[in-house]
Each structure stands twice: as C-alpha cells, then as structure tokens.
1. Which value, in debye to the nearest 20, gives the size of the charge dipole of the range B:1-56 about its Cα centre, when Lys and Arg are +1 and Asp and Glu are -1 at the Cβ?
2. In Å², nearest 100, what accessible area do chains A and B bury in total when the solvent probe is 1.4 Å?
3. Quick one: angle between helix A:100-130 and the longest Cα principal axis of chain A, in degrees between 0 and 90, rounded to 10, please.
4. Per-residue Cβ counts within 10 Å, from other chains only, averaged over A:42-50: what number is that?
5. Enter the accessible area per residue of chain A (Å², integer; probe 1.4 Å; all protein chains in place).
6. Going by average Cβ neighbours within 10 Å, how do the peptides A:80-90, A:26-36, A:97-107 rank, with the highest at the top?
7. Mind checking B:59-68 for the average number of partner chain beta-carbons within 10 Å of each residue's beta-carbon?
8. For chain B, report the accessible area per residue in Å² (1.4 Å probe, heavy atoms, rounded to an integer).
Amino acid sequence: MKKFRFYIDFEKEEKWLNQMLIQGWELCKKSYGYKFYKIAPNNTIIKIDYRTFKNNRDFEDYLALFRDSGWEHISGSKYSGTQYFKRVNENGDTDIFSDTPSKAARYKRLSNMWLTTAISYFPIFIALILTKAINITAFLNPRELYYTPGLWERTGVYFWKAFLFETPFAVMRGGVWLFLPVLMVLYLAFAIKAEKHYRKTNVE
Amino acid sequence: MKRDKNLPLTETVYYILLALLQPAHGYLIMQKVEELSNGEVRMAAGTLYGAIENLLKLRFIQPVQSDDSRRKIYVISDEGKKVLHHDFERMKYMIEVTKNVLRQE
C-alpha cells in the first residue's frame, strides 16, 4: 500500500507511522510516498532521525551504532535526511534520543536544510531575471505577459479575439515565471516551521 | 586565571571523555558510560551520535585507524584530556569546600 503525506513535525509523523503499525501496516520504504506492507499487528516502535552524511564511511558508522543498540534501519539514504528506524531489541531503549537538546536538534538540521535549499534557488532566479528569461516587471504589469505586437492599441472584436487567443499562453508564461519564487517562499516557510518546532521542543 | 569556557562539562560529555581514555566505537562508548556511571547515565543512539559529532568538532576526541570496516573508533585527544582534567579539578574543589562547610555546621 502506498500513501502520500508531508510532515515537518517528526513527532506527528512518528505517531502516524506507529498507528499504522498497530493496524498491521509496517513502513518498508519512504521516498516520494510511504510504502507499507501488511504484517501481523504489533507494537514495535518507529522513530525518525534527520541527518545527511558526507560519505559512506560516516553513514555506515551511524547505522552500525543504531544496529548495535537495537534499532533496525528501515528507510533512508546518505542524502535523504530523514532516517527511519524500527525497534528490534525488546530489552533496548524505547527512544533514539535520551535528552531534550538532541531530540530538538533534528529540527534544527531540518530547518537548515530547507533554508539552504531556498537560498540556493536565489542565484538561479537572479540569473534568469538578468538574462531576461524571466520578465520580473510583468508581475506588476500583467500586460507584459502578452507578446502580440500592438495588442493593446486594438479595439472591439479585433482586440478580444487576439486577447483571448493569447491568454492561455500568457497565463502559462506567468505560471512558469512564478514557479521559482513560489518554491522559494514555500521552502522558507518550511524552514521557519521547523525552526519553531526546534524552539518548542528545546524548552520542553 | 581565566576559566575554560567549556567548563563545566555536562555529565554525559564527562563520562564519554572518561570512557575514551581507551579507544572505543560508538556502542562500546554507550556501554562504558553506563558502566562508569553505575547505570545512571544511559545514552540512546541518536543522542550519542550527536554528542560524538560535537566532540569531534571541538577536537576533544579524534578518530583512530580501525580494522572494523563499519564502526569508527574514537579516542580522547590531548585537548580533551586537558579539559577533562580541568573539570575533575573543579569538582574536586567543590567536594573539598562542601566537606569543610558541612564539618563546621
């Protein structure tokens, strides 16, 4: 079974995944969506960490530490950030964090990732404006989205026909140009939300 | 004398440094810390990994060559030994002064 969800709040995500477990659906892979397979209902625990790694050696060392202490790695790669673990040792720990600062720190790492992503789009956006691939003034003056020469001097049916004909193209043009700025704002919002979770968790 | 800004060490950091006077990999550190603290300090995997990363950044510990292809092995550095010693002296003084005050009561 596949499900699509999006979480910033790790605690909510963990709660949902553990509820799925109780219903007999265990997470087997997370990429664009969550892939589950049917199991006998049980109450093992799934926990989420957020980390990226510079090389395979560091990633292996990280996984070995978790494996040694009773956590099976379910999903995640060197660069994926979110790392999903399942508790396999009944005598082991019930959480992957034993203090509040480390529990909060995963939100800080998540926030930094979104912030870096948002900022890294900025030079691309500027470059597209400078090379005139994106006409930024069109957002203030939508008439510039229309390319038909002399369109705005025309009147009557002659105008409306040309105007309506070009409108779908103008909307698409605007949509494509808006894509990057909208994405940047969205990523920035995710970064702020993760930062809020970081602060909230840290004072608890 | 200007005091080291890393002092006082947290209980977990102190025990990790103490454990790493002998080279050890992650899980071994976890076990040693529990043993040294008489079962009082139990660190979970995610917390320990973050602590190791932080101590590496501070250069209090360093990785050493290991035969284990998966587990990295760490050991305390000279800088780490110095800070551990300073914290030890700090606590020794606290104990002495407390004893003296209590005796006078």
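The values are calculated or read from the model by the stated rules, or taken from the named source; none is laboratory data. What you see is a predicted model; the values in this text were computed from it and never measured. Heads up, the Cβs are rebuilt from the backbone with ideal geometry, glycines too, and the neighbour counts pull from every protein chain shown. Surface accessibility is based on the protein's heavy atoms, side chains included, excluding ligands, DNA and RNA. Shrake-Rupley method; radii C 1.70, N 1.55, O 1.52, S 1.80 Å.
1. The calculated dipole for the range B:1-56 is roughly 240 debye.
2. Accessible area lost upon association: around 1900 Å².
3. Compared with the principal axis, the helix lies near 20 degrees.
4. Numbers: counts 0, 0, 0, 0, 0, 3, 1, 4, 1.
Mean partner-chain Cβ count within 10 Å for A:42-50: 1.
5. Each residue of chain A exposes 59 Å² on average to a 1.4 Å probe.
6. Per-residue mean Cβ counts within 10 Å order the peptides as A:97-107, A:80-90, A:26-36.
7. Per residue, the average neighbour count from other chains is 1.
8. 65 Å²
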